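Since the structure comes first, as structure tokens, the remarks are kept for the end.
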Amino acid sequence: MRNITLSQAVNEALAEEMRRDETVFIIGEDVAEAGTPFKILSGLVEEFGTNRVIDTPISEPGFMGMGVGAAMTGMRPVVDLMFGDFIFLVMDQLCNQAAKTHYMSGGKLNVPMVLRTNLGATRRSAAQHSQSLHAIVAHIPGIKVALPSSAYEAKGLLKTAIRDNNPVVIFEDKLMYQDKAEVPEEEYCIPFGEANIKREGTDITLIGTSSMVQVCEKAAEILAAEGISAEVIDPRTIVPLDEKTLVESAKKTSRVIVVDEGHQSFGTTSEIASRINEKAFYYLDAPALRMGAMDVPIPFSPALEDITVPTAEGVAENARKLVRGELINAA
Amino acid sequence: MSSSSANLSNESIFRMYRQMVRIRTFEDNANQLYLSAKMPGLTHMYSGEEAVAVGICEALTSDDKITSTHRGHGHCVAKGAEFKAMFCELLGREEGYCRGKGGSMHIADQSNGNLGANAIVGGSLGIATGAALSSKLRGTDEVAVCFFGDGATAQGLMYEVMNMAALWNLPVIYACENNGYSEYTKTEEIAAGSITARAEAFGIESHQVDGQDVLAVNKLTEELVARARAGEGPFFLELMTYRYHGHHVGDINREYYRAKEEESEWKSNRDPIIRLRGYMIENGIATEAEIDAINEEVFKDASDAVEYALNAKYPDPSEVDMHVFTDVKHALA
């Protein structure tokens, strides 16, 4: 099978969906000729024209709100938010408008809109271009949240997102745009709410999201060399969340670490760990452990930034302690 | 009335009169439901501003889109809604337009192009502008009208979307209902400079119009809608109007920000319904008896609808997690 980058996978997903459905269009800052700062959309304006790849002024709430209105009236906008951090600028349009329209209208109005944005630290971009804010969106009922962990997921989840009749926010890890993975030539979609068991194991379950799936896989390699068998699971979407697969794995291994790049407190790791503690309590040898980003604004200096996010070594070290029983009652 | 109605049919004038009376009557009944503690929550009365919603919506088709505000009952009626489903919504009943999930502040007959009443001041400016973008992308001639108040001109979103609407010649009409008050504060204390100048700065053609003169509002809107359909949009209207009640029904003792004399001056001398009634009689369009008959019919229609809604079913508790997502029957099941 061929290998393509995550960036190419996103580009392919958009091109395929725009060819399939003429109501799909892209709107955002520097999406047309510039193809975004990450060059993800290069070539699309040449194929689809400026009516379907629409460059906007730097007005995030404005074009986000227009996406909501277009979605309510027969279009399927893919709104491009250059950095995930800018989501704070569009919170009213996303959380008060898009998320609630279907409910507040008693099911009469739909908002089939995708918000494509990114997450991820260690790009030396400091506190306003490095955050992983998916938990804040996932907190609001009415929005689906997808977190692709490779080029394969990025393509399949984005195609599903575009076909979904609800608002979907998809967060790509901005450090993974050039990472390659096997992506089939033939068309495919990845259903929401179906976790992917990346690696089977028996001693501990490592649940990772987005690029933290790779961190968990590396940790599993380290642990395997020491005779510890780790299962690695990628939920792929956190709304909807495939709770069943996660809980079953927890029951099987009796130990769980949840790894995610959002801030640890009140975050994705807290939510998943809490559900496992509630649903698999009597099967666990220790409380499910959270490993999120440190509860500090992301610092600029590499010496500081690198210690704010979970690493494979850190995950492996906590896994060893859990397996040895050291963290029991200490989470 | 100040405007000529040379091109306006009597049928249209009758319809506008009737729609204004329907709005006033709906609001009078809603106020009574609040005062008699039969309505959950609060509501914001549109009474006094009827000519704005009616004059504008008379110029629209049911395919044209509007977005409405927390003071949205008038827009809802004017865009074609029925009393029964409106009162049911106001009282949180299953047969309401939003199945009781929206209430007064989100009331809308979605089947008539009403994209919802919005309880975030200025929150629908993006939605209306997006509906206009959608109209253009889909190759239709639909126009979108965004109703908002003078208070919303203080929100940044307005400037972002007016900029894009002007850049892309979108078929959107920004209808600023200037009722003189931004909640409990005089507009002149919250808005520096002129309101129409805000739109003019983007090269958007702007008009200030007497919002108590339904014929003037309708005449101007008819022209602008036709031009918007022809690709000449966007446009901006500042409609000078007045709200008879407080910010909401509970805002009763309001002399600290507004004098009673001012209220009675608007009610006695500038009321849009009294003015149109006078015009119709003076010009031989209707007799007193015909107008009284319309009023009676509307009053009865409203009291029947109130009675119906008071006895209508509440939604089943199982509906609480329905309509969170389009494709999941019960989000928490």
**Item:** Failed criterion for residue A:308 (all others in (1) free of Cβ contacts under 8 Å to residues at least 24 places away in the same chain; (2) touching a strand residue (DSSP E or B) at 6+ places or on another chain (Cβ under 8 Å) hold)
**Value:** (1)
**Message:** Given (1) crowded, with 16+ Cβ neighbours inside 10 Å; (2) touching a helix residue (DSSP H, G or I) at 6+ places or on another chain (Cβ under 6 Å), identify the lone condition not met by residue B:225.
**Reply:** (2)
**Asked** Could you list, in sequence order, the residues of segment A:280-309 that are surrounded by fewer than 17 Cβ atoms within 10 Å (Cβ to Cβ) and either at positive phi or in a helix (DSSP H, G or I) (or both)?
**Response** A:281, A:282, A:283, A:302, A:303, A:304
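Would you mind listing the helices (runs of 4 or more DSSP H) fully within segment A:1-114 where at least 1 residues are free of Cβ contacts under 8 Å to residues at least 60 places away in the same chain and within 22 Å of residue A:185 (Cβ to Cβ)?
Fully inside segment A:1-114 and qualifying: A:6-20, A:44-48.
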**Asked** Just checking, how many residues over segment A:90-123 are more than 10 Å from every other protein chain (Cβ to nearest Cβ) and closer than 15 Å to residue B:157 by Cβ?
**Response** 3
**Request:** Taking the residues in segment A:76-98 that are out of contact with any Pro (no Cβ under 8 Å at 6 or more places or on another chain) and among the aliphatic types (A, V, I, L, M) as candidates, determine which candidate is farthest from residue A:34 (Cα to Cα).
**Result:** A:91
**Complete:** Of the residues in segment A:192-220, those that are under 14 Å from the mean Cα position of the chain (by Cα) and either at negative phi or charged (D, E, K, R) (or both) come to A:192, A:194, A:195, A:196, A:207, A:208, A:209, A:211, A:212, A:213, A:214
**Asked** Can you name the residue in segment A:247-269 that is crowded, with 23+ Cβ neighbours inside 10 Å and among the hydrophobic types (A, V, I, L, M, F, W, C) and, of all such residues, is nearest to residue A:122 (Cα to Cα)?
**Response** A:259
**Request:** Pick out the one residue from B:280, B:240 that is under 30 Å from residue B:200 (Cβ atoms), more than 14 Å from every other protein chain (Cβ to nearest Cβ) and surrounded by 16 or more Cβ atoms within 10 Å (Cβ to Cβ).
**Result:** B:240
**Fill in**
The condition of being among the hydroxyl-bearing types (Ser, Thr, Tyr), loosely packed, with under 15 Cβ neighbours inside 10 Å and under 22 Å from the mean Cα position of the chain (by Cα) holds, among B:159, B:174, B:184, only for B:184
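No value in this document is a laboratory result; all are computed from the given coordinates. Keep in mind that this is a model prediction, so the values were computed, not measured. Glycine also receives a Cβ, built like all others from the backbone with ideal geometry; neighbour counts cover every protein chain displayed.
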